[in-house]
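Please treat every number below as a calculation from the coordinates, not as lab data. If you're wondering where the values come from, they're calculated on a predicted model, not measured in any experiment. Methodologically, a virtual Cβ is constructed for each residue, glycine included, from the backbone with ideal geometry; neighbour enumeration extends over all protein chains shown.
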Amino acid sequence: MDFYLPEPRQLIQVTQSLHQPAAREREVRALVDGMRSIPQARGLILADANLSAIEVDGSAVEIRSLAEWLLENS
């Protein structure tokens, strides 16, 4: 896990791209481990593009463009 925002209970992974299966698996695995350690935490992957959310162990992991996320949260 790259970042944890305690107030919204959000775990964040940052990667350049999720187009390679190995990168996608690595980023998702790190979030799943974190979500198991921090109950009710939400998962977010920041990458080069918005993609559909994925379901992991019954929880949705959002995949957002880093640029858009930064603009919305600045």
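Odds and ends about this structure:
- Derived scalar couplings between HN and Hα for the stretch 27-39 equal 5, 5, 4, 4, 5, 4, 4, x, 5, 6, 7, 10, x Hz in order, rounded to whole Hz, by the Karplus curve 6.51 cos²θ - 1.76 cosθ + 1.60 (θ = phi - 60°), x for Gly and Pro.
- Mean Cβ count within 10 Å, highest first, over the residues of peptides 7-18, 42-53: 42-53, 7-18
- Gain on full extension, evaluated as 0.36 nm per residue between N50 and D33 minus their Cα-Cα distance, stands at 3.9 nm.
- Value of [θ]222 nm, deg cm²/dmol, for the chain, DSSP H segments ≥ 4, -39500 (n - 2.57) each, nearest 500: -10000 deg cm²/dmol
- Computed from the Cα positions only, the extents of the chain along the three principal axes stand at 31, 28, 19 Å, in decreasing order.
- DSSP beta bridges in the chain [antiparallel fraction, %, rounded to 5]: 40 percent
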